[in-house]
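What follows is a single structure, written as structure tokens, with notes after it.
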């Protein structure tokens, strides 16, 4: 019973490491790096010496990604929020 109570007090992190951020959206770290460089995913935030990715920004960027089979506009501007 005490074990259940302890688990319910955990807090989901707002900031993720790069491997966690990549895993969060279901891609490899290499593909996540590519998405960041193409401004399709946000850049990291700097906290002291650590780089962390904001879950809310990742969610926002993920919502904008095209669905499988959808037409992709090649003239689409980079996502200004992630430049």
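Values for this structure:
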| read-out | value |
| --- | --- |
| Failed item in (1) under 22 Å from residue 13 (Cα atoms); (2) at pLDDT below 95; (3) over 12 Å from the mean Cα position of the chain (by Cα), with residue 80 passing the rest | (1) |
| In the stretch 19-59, residue surrounded by the most Cβ atoms within 10 Å (Cβ to Cβ) [restricted to those that are touching a strand residue (DSSP E or B) at 6+ places or on another chain (Cβ under 7 Å) and part of a helix (DSSP H, G or I)] | 21 |
| Residue 67 being exposed (fewer than 10 other Cβ atoms within 10 Å of the Cβ), assigned to a loop (DSSP other than H, G, I, E, B) and at pLDDT below 60 | no |
| Residue in the stretch 8-16 that is in a strand (DSSP E or B), in contact with a helix residue (DSSP H, G or I) (Cβ under 8 Å, 6 or more places away or on another chain) and modelled with pLDDT of 95 or more present | yes |
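The values are calculated or read from the model by the stated rules, or taken from the named source; none is laboratory data. Only a predicted model underlies this, so the values are computations on that prediction, with no experimental measurement involved. Counting neighbours? That spans all protein chains shown, and the Cβs are built from the backbone with ideal geometry, glycine included.
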